[in-house]
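Trainee: I'd like to ask some things about the structure below.
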Amino acid sequence: QVQLVESGGGLVQTGGSLRLSCAASGYITYTMGWFRQAPGKEREFVAAISWNDGITTYPDSVKGRFTISRDNNKNTMYLQMNSLKPEDTAVYYCNYGVVAKSLDELVPFGSWGQGTQVTVSL
């Protein structure tokens with residue numbers, strides 16, 4: 001199974017920006033996406049991008065602030081996060097799967113990596 005490694009997290013002030021990366025150990029022909037999990041909360045969907053035509057999906061909570069992209073030649077996916085808020089604080093994970101149209105979010109079926117911590121201070 002393809003291994004995923006997230007990086008790029010850190011501590012940033014409210015309104016700041018971060019760019020996360022997700023490096024895959026092999027070529028992925030599925031939709032890829034980002035998820036996050038805050039302390040005491042369930043993991044939630046953040047963004048998804050199809051593998052061939054770049055169609056993106058975002059929940060309302062991040063729409064207009066986050067931008068997902070991928071470079072299939074490098075087996076890498078990115079998440080550009082702007083206008084960060086304290087409620088964006090979480091461990092961010094990447095994965096791949098299929099988009100459930102009824103939910104308008106990615107249903108993952110890859111293995112979870114270690115994630116990367118994003119902390120947004122006031």
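Trainee: Scan the stretch 72-100 residue by residue and report those that are open to solvent by 40 Å² or more (accessible area, probe 1.4 Å), modelled with pLDDT under 95 and not in a loop (DSSP other than H, G, I, E, B).
Mentor: Result: V98, V99.
Trainee: For L103, work out the one condition from (1) within 14 Å of V46 (Cβ to Cβ); (2) open to solvent by 40 Å² or more (accessible area, probe 1.4 Å); (3) modelled with pLDDT of 95 or more; (4) part of a loop (DSSP other than H, G, I, E, B) it doesn't fulfil.
Mentor: Status for L103: all satisfied but (3).
Trainee: When the residues of the stretch 113-122 are filtered to those that are at pLDDT 95 or above and open to solvent by 60 Å² or more (accessible area, probe 1.4 Å), which remaining residue is farthest from C22 (Cα to Cα)?
Mentor: Q117
Trainee: What are the residues in the stretch 42-87 that are within 22 Å of Q13 (Cα to Cα) and more than 12 Å from the chain's Cα centre (by Cα), if any?
Mentor: Scanning the stretch 42-87 gives D60, S61, K63, G64, R65, N82, S83, L84, K85, P86, E87.
Trainee: If you don't mind, another one. Filter the stretch 49-63 down to the residues that are part of a loop (DSSP other than H, G, I, E, B) and either touching a Leu at 6+ places or on another chain (Cβ under 8 Å) or farther than 26 Å from N73 by Cα (or both) and list them by number.
Mentor: Quick first cut of the stretch 49-63, residues part of a loop (DSSP other than H, G, I, E, B) only: 50-55, 58-63.
Hits for the stretch 49-63 are P59, D60, S61, V62, K63.
The values are calculated or read from the model by the stated rules, or taken from the named source; none is laboratory data. Model, not experiment: these values are computed from the prediction. In this analysis, Cβ positions are derived from the backbone assuming ideal geometry, glycine residues included, and neighbour counts consider all displayed protein chains. Accessible surface areas use protein heavy atoms only, side chains included; no ligands, DNA or RNA. Shrake-Rupley method; radii C 1.70, N 1.55, O 1.52, S 1.80 Å.
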